[in-house]
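See below for the structure under consideration.
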Amino acid sequence: MEKNKTKKYFKYAIGEIILVVIGILIALQINNLNETHKNKEQELITLENILQDLQNDKTGLKNIIERRTSKATSAGIMVSYYNGVKIDALTNYYFNWTNVLIWEAHYPRNIAFKELINSGNVSLIRNANIRNALLDINASYEKLFVIREHMYDDYTLYLYSPYAGMIDYGDGIKIWSNPNSKIELSEEDVNMALKNKTIKNGFTLASFNNILLKEQLIKILNTVNLAINLIEKEDEK
């Protein structure tokens, strides 16, 4: 009888242990499901914020690509003057001169993704294609910033400094803002500038670097469009 009791208690104990283990496994499964659901909600919120940033960035990229194209064209025209092309009107010289020299830069709106990188939670974005596209955009901007910083140094050395005591900046800005402005421009100042090889080199570099930046910006824009499409498809799931 004692032996039978021991067997019964043993079976009962095993049954209790199995029930406890099953209970723990069910609790863990429920906890995992809740955690997965919570992460999914957080991921969707993050992707929505990133999508808004990308859409704003897309507009800024289109504008700066247009401006870089215009600056590269104006820089090429300025170089042509140094190569013997006749200046039809001083206002043309001033317009293209100012169009190149006015510093314009695009600063991306990538707050949501930067926060994700800084928090170390990039893995929250489970779609590898979206994650890689966003990382590619981030890396491309870092490369662009290096080129742009180098270009600003060139502007300072080859254009801003040589021109500072030579050309009236105020007149240039007025002509750039309104090409039809009636302003008496100094032909003597322009002729002096045309004899300066440093300035010619500055416009050559400005043309090259603006084209380089434009190409980098187009690449970023293409990746931004890709990321937008991927996120929108992810939201539809």
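Using Cα-only point scatterers and the Debye equation, what is log10 of I(q)/I(0) for segment 155-237 at each q in 0.12, 0.14, 0.19, 0.20 Å⁻¹, rounded to two decimals?
-0.58, -0.68, -0.93, -0.98
Peptides 132-138, 148-154: what's the order by average Cβ count within 10 Å, highest mean first?
132-138, 148-154
Can you order the peptides 225-234, 91-100 by their average number of other Cβ atoms within 10 Å per residue, highest first?
91-100, 225-234
Just going by the charge dipole of the chain, with Lys and Arg at +1 and Asp and Glu at -1 on Cβ, which of Gly120, Ile228, Val79 is farthest out on the positive end?
Gly120
Suppose every Lys and Arg Cβ carries +1 and every Asp and Glu Cβ carries -1, with no other charges. What dipole size does the chain come out with about its Cα centre, to the nearest 20 debye?
Value, rounded to 20: 1260 debye.
Roughly to the nearest percent, how much of the accessible area of the chain is carbon and sulfur, given a 1.4 Å probe?
Exposed carbon and sulfur together represent 56 percent of the surface.
Rounded to the nearest 500, what is the 222 nm mean residue ellipticity of the chain from helices alone, with -39500 (n - 2.57) per DSSP H run of 4+ residues and division by all residues?
Rounded to the nearest 500, it is -28000 deg cm²/dmol.
Wrap a convex hull around the Cα atoms of the chain, take a quarter of its surface area, and give that in square nanometres.
For the chain, the mean projected area of the Cα convex hull comes to 18.9 nm².
In what order, largest first, do Phe113, Phe145 sit by accessible area if the probe radius is 1.4 Å?
The residues order as Phe145, Phe113, largest area first.
Rank-order 156-164, 212-220, 199-207, 81-89 by packing density, defined as the average count of other C-beta atoms within 10 Å over each peptide's residues, highest first.
Put in order of decreasing packing, that is 199-207, 212-220, 156-164, 81-89.
Leaving out ligands and nucleic acids, note down the accessible area per residue over the chain with a 1.4 angstrom probe, in whole Å².
For the chain, the per-residue accessible area is 61 Å².
The values are calculated or read from the model by the stated rules, or taken from the named source; none is laboratory data. This structure is a prediction, so every number in the text was calculated from the model and none was measured. All Cβ positions, glycine included, derive from the backbone under ideal geometry; neighbour counts span all protein chains shown. Side chains are part of the model used for accessible areas, which takes the heavy atoms of the whole protein and leaves out ligands, DNA and RNA. Shrake-Rupley method; radii C 1.70, N 1.55, O 1.52, S 1.80 Å.
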